[in-house]
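Undergrad: Submitted below is the structure of interest, expressed as structure tokens.
The values are calculated or read from the model by the stated rules, or taken from the named source; none is laboratory data. Note that the structure is predicted; figures quoted are calculated from it, not measured. Heads up, the Cβs are rebuilt from the backbone with ideal geometry, glycines too, and the neighbour counts pull from every protein chain shown.
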Amino acid sequence: MRIGPALGAALAGLALSAAVLSAFWTPYDAGLMAIADKLQPPSGAHWFGTDHFGRDILSMAMAGARTSMAVALVAVAIGMGLGVPLGLLAAARRGTWTDEIVMRGNDLIFAFPSLVIAILITAVWGPSALNAMVAIGIFNVPVFARVTRGAALPVWVLDYIRAARVAGKGAGLISVQHILPNIAGLLIVQATIQFSLGILAEAGLSYVGLGAQPPTPSWGRMLAEAQTMVALAPHVAVIPGLCIVLTVLGLNLLGDGLRDALDPRLRVRR
Amino acid sequence: MIRLEGLSLAIGRQPVLDSVSLDLAPGSITGLVGESGSGKSMTALAIMGLLPPGMRAMGRVMLDGQNLLEASEPDMGRIRGRRIGMIFQEPMTALNPLMTIGDQVAEVLRLHEGMGRRTALDRARERLDRVGLPAPRFPLTLYPHELSGGQRQRVAIAMAIALRPGLLIADEPTTALDVTTQARILDLLKALVRDEGMALLLITHDLAVVAGMADRVAVMQGGRVVESGPTGTVFRQRSHPYTRQLFSASRYSPVRGPRPAAPPLLEVRDAVRDYRLPQGGLRALDRVNLTVARGESVGLVGESGCGKSTLARVILGLDPLQGGRIRLDGQDVAAGRRMPRGLRARMQAVFQDPFGSFDPRWRVDRLLAEPFHLTGRPPDWRDRVAAALAEVGLDPGDARRFIHEFSGGQRQRLAIARALIIRPALIVLDEAVSALDVRVRAQVLDLLARLQADHGLSYLFISHDLSVVRGIADRVLVMQAGRIVEEGPPEQVIDAPRHSHTQALVAAMPVIPGDWI
């Protein structure tokens with residue numbers, strides 16, 4: 001294995017284990033305030049230091065990982081759950097009105113920046129981690145629909161699809177039995193990319209106050225709260241920033257590695 | 001003069017080339033024939049210094065006293081194109097779709113000769129004229145997609161000969177082309193060799209092409225040149241057993257018993273199929289009439305784009321008709337769900353590409369059982385799969401393997417097994433043996449003839465190659481621009497064609513001279 005994908009897997013694995021672990025144990029209660037200990041630099045007692053309320057930053061970062069991962073995971077699930085079937089449908093009915101309607105509907109969603117959708121949803125239902133999931137998820141739908149359709153189209157003209165049609169199979173059955181397994185590798189890679197974008201988007205939404213609300217810990221909100229104290233205690237902002245950067249970097253490296261491993265054309269050239 | 005001396009190459013312990021020696025003299029054509037995997041293309045790549053990474057050839061490739069195998073990559077870069085040109089099988093992918101043909105030819109000249117753009121374009125014009133793409137009809141500003149396959153191959157040739165190299169290597173240059181286009185490209189190559197004094201190394205699997213073209217021929221098997229010499233001598237004497245096998249396989253036609261008169265199974269009446277295109281309509285099928293009787297083999301021959309694959313699709317009920325009707329066993333064939341499953345189960349198909357005909361993620365048993373979708377999967381389906389495998393000469397134990405573990409010929413046997421498993425009455429074979437080596441093709445034709453005798457099958461055998469159809473068909477139909485233009489027994493259609501298009505097809509067919517046989 002080359003260094004990139006291995007590093008990516010390690011970083012992503014670290015973030016994931018922190019998220020899982022935080023459900024059962026964190027060094028301190030992530031919400032516990034101790035004003036007397038505020039803005040302490042990293043030390044043996046507080047590895048990553050404390051914030052302006054004296055909360056343990058390591059504990060908050062671990063719990064924040066859980067929020068970020070949950071939001072990104074659900075958003076990817078929404079995107080795949082709706083986008084992949086839509087893409088398969090558009091490919092099966094290529095060149096028809098169904099195809100046009102699905103793809104132009106995608107364009108419509110693409111035309112809205114995810115932030116605008118999030119503001120819209122927040123305006124209607126109020127800000128929360130759940131609504132952030134829905135907003136990011138909706139934005140993922142056209143991504144998966146396009147990737148699925150694009151990957152499915154060249155498969156549809158292959159002879160084994162003709163053979164399946166000669167065997168009397170309809171478009172739905174062919175899509176599930178033949179098309180989907182043969183484009184699954186690409187979809188997995190796209191899922192890791194969307195997952196990392198989801199983490200970034202969640203951080204962005206929480207930063208502007210549209211994502212997770214207090215007391216739910218979140219990397220984005222940690223950054224937002226830290227920005228007035230950057231000069232005074234840089235570690236308060238640096239730690240959540242590093243969490244975001246390293247997790248997103250890790251997932252992108254992992255996605256690159258998976259793409260190379262799953263695409264036989266790239267494998268041969270190396 | 002380029003001379004190969006003891007050229008050897010191995011992947012691990014597996015020898016790919018084993019002391020290949022060839023002399024490629026100026027103004028002469030050397031044919032390199034053999035089956036896939038015999039090392040023909042590897043020989044060409046070794047000469048060009050284009051072997052896959054990690055492979056190193058031993059021996060010598062001598063050009064003007066220099067051993068090319070020892071030349072550095074920058075030196076080879078200067079030699080490729082300037083001293084040795086190469087053209088490939090697939091003209092669709094050999095050109096850059098985003099560059100005009102003028103720029104592509106000129107680029108070679110600018111790169112190697114440091115010419116200015118104007119001079120290079122002038123030279124490109126002259127080279128394109130030379131390969132039969134004259135100025136008024138083929139301006140330099142055309143893009144590859146505006147050209148046909150044969151015209152694209154001409155552009156590829158113009159690029160290869162732009163610098164007047166001493167050696168041109170042509171690797172299956174006409175395999176992807178129609179027979180009439182093939183004849184014109186081969187004529188062009190011959191004229192270039194004569195006029196420019198080039199040496200031509202012509203790599204092909206087709207003995208008849210070599211017979212008509214080459215001054216000398218080398219027969220390759222398993223990385224070795226087993227026989228070589230002047231073409232006429234090699235063809236007449238056939239001193240090596242492998243040459244004899246190749247020779248008989250390429251002219252092979254299976255032994256078939258007499259066919260009793262039988263009622264019609266498939267009837268196509270006045271079939272019309274139109275395509276809507278941005279630039280207007282295209283009538284792919286224009287009142288086509290066709291009958292296939294029970295137990296009969298009908299050959300359908302035509303060039304690419306003549307509508308023969310469209311006809312296959314409408315017969316199989318995959319595409320709708322805009323006019324006329326198709327009846328199988330007296331029942332109407334229709335596209336989509338309107339066609340009853342029982343009727344659909346009376347027909348199956350075998351397609352051309354032995355590599356694309358199977359889902360790479362399924363195992364053989366599931367692949368072969370797919371047509372049971374039409375009839376319901378019987379409880380003993382695994383036994384039926386095993387029986388079908390045995391019937392096409394494969395091991396019943398192959399059922400749990402994946403498709404990439406099989407060779408091209410084995411895959412085509414599997415495709416036939418899949419078509420047979422629900423015991424259809426009619427099998428549509430769309431270029432089913434075109435991609436196979438001659439010896440494998442002979443075996444598959446034998447298999448088809450035996451299965452027909454055993455099960456009373458009817459075949460509709462679609463091909464661009466008259467010589468293949470000759471061996472297997474009771475009746476041949478020739479198709480041109482959506483119409484059937486001639487019909488009759490194969491001997492009559494091939495030996496005494498009446499329609500001008502059939503005459504052109506027959507004239508373009510490469511043949512081995514009668515006195516060499």
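Undergrad: Using the structure shown, decide if B:G317 is within 12 Å of another protein chain (Cβ to nearest Cβ), assigned to a loop (DSSP other than H, G, I, E, B), in contact (Cβ under 8 Å) with a residue 12 or more places away in the chain and under 13 Å from B:L426 (Cβ atoms).
TA: Yes; evaluated as a whole, the condition is true for this residue.
Undergrad: Can I ask one more? Out of all the residues in segment B:411-467, which are among the acidic types (D, E), out of contact with any strand residue (DSSP E or B) (no Cβ under 9 Å at 6 or more places or on another chain) and either farther than 28 Å from B:Q182 by Cα or surrounded by fewer than 21 Cβ atoms within 10 Å (Cβ to Cβ) (or both)? First the steps, then the outcome.
TA: Narrowing segment B:411-467 to residues among the acidic types (D, E): B:430-431, B:437, B:446, B:454, B:465.
Adding the requirement that they be out of contact with any strand residue (DSSP E or B) (no Cβ under 9 Å at 6 or more places or on another chain) leaves B:437, B:446, B:454.
Scanning segment B:411-467 gives B:D446, B:D454.
Undergrad: Would you call B:P91 of a type outside the set (S, T, Y), out of contact with any Asp or Glu (no Cβ under 7 Å at 6 or more places or on another chain) and assigned to a loop (DSSP other than H, G, I, E, B)? I'd like the intermediate steps shown before the answer.
TA: Working: of a type outside the set (S, T, Y): yes; out of contact with any Asp or Glu (no Cβ under 7 Å at 6 or more places or on another chain): yes; assigned to a loop (DSSP other than H, G, I, E, B): yes.
Judged against the criteria, B:P91 is a match.
Undergrad: Could I ask something else about it? Give the residue, chosen from B:A249, B:A271, B:A293, that is farther than 28 Å from B:L436 by Cα and among the small types (G, A, S).
TA: Details: B:A249 fails: farther than 28 Å from B:L436 by Cα; B:A293 fails: farther than 28 Å from B:L436 by Cα.
So the residue among B:A249, B:A271, B:A293 that is farther than 28 Å from B:L436 by Cα and among the small types (G, A, S) is B:A271.
Undergrad: For segment B:1-67, list the strands (runs of 3 or more DSSP E) that sit wholly inside it and hold at least 3 residues that are modelled with pLDDT of 90 or more and of a type in the set (V, I, T); which are they? Show your work before the answer.
TA: Numbers: elements: B:2-11, B:14-24, B:29-33, B:58-63.
The qualifying strands (runs of 3 or more DSSP E) are B:29-33.
Undergrad: Related question: Considering segment B:103-133 alone, what residues qualify as being within 23 Å of B:D187 (Cα to Cα) and of a type outside the set (D, E)? Spell out the reasoning first.
TA: First pass over segment B:103-133, keeping only residues within 23 Å of B:D187 (Cα to Cα): B:105, B:123-133.
If the condition is that a residue be within 23 Å of B:D187 (Cα to Cα) and of a type outside the set (D, E), then B:V105, B:R123, B:A124, B:R125, B:R127, B:L128, B:R130, B:V131, B:G132, B:L133 are the ones that fit.
Undergrad: Taking the options B:M99, B:M115, name whichever one is outside the structural domain of B:F247 (by TED's automatic domain parsing), assigned to a loop (DSSP other than H, G, I, E, B) and closer than 28 Å to B:D178 by Cα. Write out each step before concluding.
TA: On the way: B:M115 fails: closer than 28 Å to B:D178 by Cα.
None of the other options fit; the residue is B:M99.
This table checks each residue for (1) over 29 Å from B:I416 (Cα atoms); (2) within 12 Å of chain B (Cβ to nearest Cβ); (3) over 14 Å from the mean Cα position of the chain (by Cα).
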{"position": "A:V116", "(1), (2), (3)": "yes, no, yes"}
{"position": "A:V147", "(1), (2), (3)": "yes, no, yes"}
{"position": "A:A152", "(1), (2), (3)": "no, no, yes"}
{"position": "A:I174", "(1), (2), (3)": "no, yes, yes"}
{"position": "A:S206", "(1), (2), (3)": "yes, no, yes"}
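Undergrad: Are there helices (runs of 4 or more DSSP H) fully within segment B:327-444 with at least 3 residues that are within 13 Å of chain A (Cβ to nearest Cβ) and more than 28 Å from the chain's Cα centre (by Cα)? List them. Full working, then the answer.
TA: Numbers: elements: B:341-344, B:364-368, B:372-375, B:381-391, B:408-420.
It comes to B:341-344, B:372-375.
Undergrad: With B:R110, B:R125 as the choices, which residue is modelled with pLDDT of 90 or more, assigned to a helix (DSSP H, G or I) and not aliphatic (A, V, I, L, M)?
TA: Numbers: B:R110 fails: modelled with pLDDT of 90 or more.
Just one listed residue meets the conditions, B:R125.
Undergrad: Give me the pairs: first residue in segment B:322-333 and β-branched (V, I, T), second residue in a strand (DSSP E or B) and at pLDDT 90 or above, beta-carbon distance under 6 Å, and six or more apart or on different chains, which are they?
TA: From residues that are β-branched (V, I, T), the pairs are B:I326/B:V268; B:V333/B:I326.
Undergrad: On the given criteria, is B:G39 of a type outside the set (A, V, I, L, M, F, W, C) and either over 15 Å from B:V225 (Cβ atoms) or surrounded by 14 or more Cβ atoms within 10 Å (Cβ to Cβ) (or both)?
TA: Criteria met by B:G39.
Undergrad: Give segment B:447-481 a look and list any residue that's among the small types (G, A, S), in a strand (DSSP E or B) and under 17 Å from B:S434 (Cα atoms), or say none.
TA: Matches in segment B:447-481: B:S463 only.
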